[in-house]
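Here the structure comes first, spelled out in structure tokens, and everything after it is commentary.
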Amino acid sequence: MYDAQQVEKKWQKRWSEKGLYTTSLHDQKRPKYYNLVMFPYPSGDKLHVGHWYNYAPADSWGRYMRMKGFNVFEPIGFDSFGLPAENYAIKTGIHPTVSIAQNCAKMEEQLSLIGTMYDWSKKIVTSDPEYYQWTQWVFLQLYKKGLAYRKRAPVNWCPSCQTVLANEQVNDGKCDRCKSEVTKKELTQWFFNIRSYAERLLNFEGLDWPEKTKLMQQHWIGRSEGSTVQFEIFGRSGKKIEVYTTRVDTLFGCTYVVLAPEHPLVGEITEKLFEKDVAEYIESAKRETDINRSAEGRDKTGVETGAYAVNPVNGKRVPIWIADYVLMTYGTGAVMAVPAHDERDFAFAKKYDLPMITVVKPPRDNSVEPPSDDRSIAKGEAFTGDGVLVSSGDYTGLSSELARKKITELLHIDGLADFKVNYKLRDWLVSRQRYWGAPIPMIYCQTCGEVPLSEEQLPVLLPEDVEFRPKGGKSPLAFVDEFMAVKCPTCGGDAQRESDTMDTFVDSSWYFLRYPAARMKDGPFSTELANKWLPVDMYIGGPEHACMHLLYARFINMVMHDLGYIDFEEPFKRLVHQGLVTKDGAKMSKSKGNVVSPDAFVSQYGSDVFRMYLMFMGPFEAGGDWSDLGITGVARFVERFWNLMADREVNPGFNEASSKRNVHKTIKKVTEGIEAFTFNTAIAGLMEFVNEAMKVGVTMEDKKMVTRLIAPLAPHMAEEIWEYLGEKESIFNASYPSFDPAMLIEDSVEIAIQVNGKVRGTVVLATGCTKDEALRLAREQESIKKYLEAPGVSIKKEIYVPNKLVSFVL
RNA sequence: GCCGGGGUGGUGAAAUGGCAGACACGAGAGACUUAAAAUCUCUUACCCGUAAGGGUGUGUGGGUUCGAGUCCCACCCUCGGCACCA
């Protein structure tokens, strides 16, 4: 009987006593392997099966790579700043420093039960000053490079969290964290200019990432190629409106121009008669939340300004409108409307009875040119595809693609147009009006203005004695006088600190650089160690970070590269996402009360069984719905494996050739399963091995081989068996077995015989049997004869796939 | 609407274009036991048939091929992501 509890305790203790997983970072002998999981937030809750589902296979991968001969570094830490601890403090009065310390300790204890090979000596906690002073350092580096700036802008505001949010943290117009409706607010905030890295962030060369994730980032960055076009404002010589369009080929079809309500020209151009309507419209647009304003299919609204713009390509006057379907944050905040060829313009034009002119027809449409400038064109919808230009002056007859080039080039001569690439990606808003984060290391001086702290003045420590409850949209720090009052580092005069703290995504945007130098006092990371250990070889975490953490981390890493601190641009070479474990089809969450705890299973069956059961559920990247129904299967397997290995005798039915083949077949299957992150098939392979070994036996030598094979998946049991089989060193210092292809070949194989595509029988042939021989034997089969010899049939074709099948076509 | 992933037994699932359902769970039958648990053995896609055997089957409809879960076309459902970005 295998005693999992006793065995697992024993080995966890021994591993930690021996420091088996303390990676020697300066080792020159073995190639390095940086195996990283996204570090957890230390909530007070216990680990649930989702955590295990993520961490256990990730650890098995690390163990596998270690046995493959790599010097594996598998660090862990806590992403400990952020709202939950602060909200908890508001509710209970317990200081975040206290609750986070408790939670980290609790979490460490639970993580250790999994039996991972985390190198705890390199643990980092982002809310420790020894970490966050370097987060502040990162901020200063960006500031120095002009990549951190302060700007008054309409931002996302969560009224319940009382803080601003980055675009990435707003989902469906709701706060990612508390789900309340996000509103707009004009505030002066700190931004990181991630936009200037848009082009580089689109390049994924050399990255082994899921296609899906790369696509999501691409879409988020949203690159589009188009042109800017200048429309002169009629009667205001020299005043121009710049619009952005990807369809400059439809310029002749422009029947009006639309400005975003926030557009700076609005006040200037609006005619007296229209001022009241315009002012009212802008007011109502301001009140709209982003979600309402940006919902597609929403009824389009707008007002006329009374002003007119001149189409530079044909001198035609078109009215200027204001509508909130045009966004100030994209392009130039102004568009040329071509209702005949754009769905949004079409809907708007129809509502306000604006003219439509068809200027592009589908390439294969040979019909007569439609009448131009005809309000009554009875059209059901806009034609938005590329085609051939009509009613477009000199450009008539050109393809859309060519026309885009020609029109832009010609207008460019007079400075009226230019090619322009735009991105949907907006700058990263990093300030938060909350307490529990890294203070932004900036000072505002009455004489010098905005002054960055020098590196020697870091860390800016978070004051301890603070009223956490947010007040009036200001950070709690703003009310701590001792914190706020400071002397200006430049002139020595009275100054004030920045009271906002940083988005926690800033903390996690560089932590992978810190790990190898976790205890370092004189810098955020060591250039030497970073260049040696990074990029991260394997990064494992949830797909929900695709457009947040994973994008921010790439950006910050690129900035550090550009500043000359590190040699590599990309932080994560290979990325794998674990699938989601649901309960009754729903995501596990405390509020739904459907969180499954692993505790009962781990204490009944042990970590090894539970780890393997999670892996046996299906492919790692697929996830699945939780059910405990099958765990007994894995428990039985572990018992059988243990008994097989503990039995020192070779089985009575021992057959050397079959036994060897069994072992090598297993090595192949298990290795392929682990490599593909389909641990379920690896475990199935081991189960098959045991079933077969019960029949054909297994030698002492092969027992050791198979024990090494299972070690990454069931680390505790493997160590125990390894020791039992007489080995003194840890099994994780042993190498991973590889298979001999020659050992896989069987003497004979059973192949299928098909007649007209249907399997009608089988025949046992010698391996590698010739075609003639195979066909002859197949034809002789009783079950086949009757088909071949039926009256009126003859063989039209014979197919032989060696070791697979014979197929007759009659 | 657009972009991805996925639809295979009662369940979790497996399958370089080559005998669909490996490996498990569950269920049924049997062995051991005074009995139960545990363990072991056998059966288990569906339909017809006592059997031998035959037929049907991987979301739907077509196609390519000697042969399709796998490739191609059209569609349905589902889960994620994006969504007035001009």
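Take the alpha carbon atoms of segment A:221-267, find their center, do the same for segment A:1-45, and report the distance between the two centers in whole angstrom.
Centre-to-centre distance over Cα atoms comes out at 60 Å.
Once the piece of chain linking A:Lys592 and A:Lys185 is laid out straight, how much longer is it, given 0.36 nm per residue of separation minus the C-alpha distance between them?
143.3 nm is the gain from fully extending A:Lys592 to A:Lys185.
Give the carbon-plus-sulfur fraction of the accessible surface of chain A in %, rounded to a whole number; probe 1.4 Å, heavy atoms of protein chains only.
Ligands and nucleic acids excluded, carbon and sulfur give 51 percent.
Sum -39500 (n - 2.57) across every DSSP H segment of at least 4 residues in chain A, then divide by the residue count to get the 222 nm mean residue ellipticity, nearest 500.
When only DSSP H runs of four or more count, the value is -10500 deg cm²/dmol.
Quote the charge dipole size of segment A:661-707 about the Cα centre in Debye, to the nearest 20; the model charges only the Cβ of Lys and Arg (+1) and of Asp and Glu (-1).
Roughly 120 debye, rounded to the nearest 20.
Rank A:Phe204, A:Ser730, A:Leu25 by how far each Cα sits towards the positive end of the charge dipole of chain A (+1 on Lys, Arg Cβ; -1 on Asp, Glu Cβ) and give me just the farthest.
Result: A:Ser730, furthest along the dipole toward the positive end.
Among A:734-746, A:34-46, how do they line up from the highest to the lowest mean number of other beta-carbon atoms within 10 Å?
A:34-46, A:734-746
Set the Förster radius R0 to 41 Å, insert the Cβ-Cβ distance between A:Lys145 and A:Asp628 as r into 1/(1 + (r/R0)^6), and round the FRET efficiency to 0.05.
The pair A:Lys145/A:Asp628 has a calculated efficiency of 0.20.
In what sequence, highest mean first, do A:397-409, A:203-215 appear when ranked by Cβ atoms within 10 angstrom?
A:397-409, A:203-215
Label-point separation (nm) for A:Leu529 and A:Glu639, each offset 7 Å from Cα along Cα-to-Cβ?
4.7
Could you calculate the contour length gain from A:Met700 to A:Glu108, that is, 0.36 nm times the residue separation minus the distance between their Cα atoms, to one decimal place in nm?
Roughly 209.3 nm would be gained on extension.
In degrees between 0 and 90, to the nearest 10, how far off the longest principal axis of chain A does helix A:400-413 point, with axes built from Cα atoms?
40
Given +1 on the Cβ of Lys and Arg, -1 on the Cβ of Asp and Glu, and no further charges, what dipole in debye does chain A carry about its Cα centre, rounded to the nearest 20?
Result for chain A is approximately 760 debye, rounded to the nearest 20.
Tell me the per residue accessible area of segment A:403-546 using a 1.4 Å probe; a whole number in Å² is fine.
On a per-residue basis, segment A:403-546 sits at 42 Å².
Taking only C-alpha pairs under 8 Å that are 6+ residues apart, what is the relative contact order of chain A in percent?
Worked out over chain A, it gives 14 percent.
To the nearest 10 degrees, how steep is helix A:549-562 against the longest Cα principal axis of chain A, on a 0 to 90 scale?
The answer is roughly 80 degrees.
Once you have the Cα-Cα distance between A:Ser783 and A:Lys10, take 0.36 nm times their residue separation minus that, and quote the gain in nm to one decimal.
Full extension of this stretch gives 272.3 nm more.
How large is the accessible surface of A:Asp176 in square angstrom, using a 1.4 angstrom probe and rounding to the nearest 10?
Spelled out: A:Asp176, probe radius 1.4 Å, area about 50 Å².
Taking a threshold of 21 Å on the Cα-Cα distance, which of the pairs A:Lys665/A:Lys758; A:Lys239/A:Lys316; A:Lys91/A:Lys590 fall above it?
Violating the 21 Å Cα-Cα cut-off are A:Lys665/A:Lys758.
Just for chain A, what percent of DSSP beta bridges are antiparallel, to the closest 5?
75
What is the Cα centroid distance between segment A:323-341 and segment A:469-541, reported in whole angstrom?
Cα centroid to Cα centroid, the span is 39 Å.
Peptides A:591-601, A:489-499: what's the order by average Cβ count within 10 Å, highest mean first?
A:489-499, A:591-601
Order A:Phe479, A:Phe555, A:Phe654, most accessible first, counting only protein heavy atoms with a 1.4 angstrom probe.
Accessible-area ranking of A:Phe479, A:Phe555, A:Phe654, largest first: A:Phe479, A:Phe654, A:Phe555.
A:Lys174 versus A:Glu271, label points 7 Å from Cα toward the beta carbon: distance in nm?
With each label point 7 Å from Cα toward Cβ, the separation is 4.6 nm.
For an R0 of 25 angstrom, estimate the FRET efficiency from the Cβ-Cβ distance between A:Lys46 and A:Glu130 and round to the nearest 0.05.
0.35
Below 12 angstrom from the Cβ of A:Met38, what's the summed charge of the other residues (Lys, Arg +1; Asp, Glu -1)?
Neighbour charge sum, excluding A:Met38 itself: -2.
Suppose accessible area is computed on protein heavy atoms with a 1.4 Å probe; arrange A:Arg247, A:Arg14 from highest to lowest.
Of A:Arg247, A:Arg14, the descending order of accessible area is A:Arg14, A:Arg247.
Please compute the modelled spin-label separation between A:Lys474 and A:Leu20, points set 7 Å along Cα→Cβ, answer in nm with one decimal.
5.7
Which log10 I(q)/I(0) values does segment A:524-611 give at q = 0.12, 0.15, 0.20, 0.22 Å⁻¹ under the Debye formula, counting every alpha carbon as one identical point scatterer?
Here the Debye-derived log intensity ratios amount to -0.60, -0.77, -0.95, -1.05.
Where Lys and Arg each count +1 and Asp and Glu each count -1, what net charge lies around A:His26 among other residues with Cβ under 10 Å from its Cβ?
-1
Treating the angle as unsigned and between 0 and 90°, give the value, to the nearest 10°, between the Cα long axis of helix A:656-675 and the longest Cα principal axis of chain A.
10
Could you work out how far the C-alpha centroid of segment A:569-602 sits from that of segment A:94-112, in angstrom?
One Cα centre to the other: 20 Å.
What is the calculated FRET efficiency for A:Asp3 to A:Glu467, with r their C-beta to C-beta distance and R₀ = 56 Å, to the nearest 0.05?
So the FRET efficiency works out to roughly 0.55.
The values are calculated or read from the model by the stated rules, or taken from the named source; none is laboratory data. Note that the coordinates shown come from a computational prediction; the quantities given were computed from them, not determined experimentally. Glycine also receives a Cβ, built like all others from the backbone with ideal geometry; neighbour counts cover every protein chain displayed. Heads up: the accessible areas ignore ligands, DNA and RNA and are worked out on the full protein's heavy atoms, side chains in. Shrake-Rupley method; radii C 1.70, N 1.55, O 1.52, S 1.80 Å.
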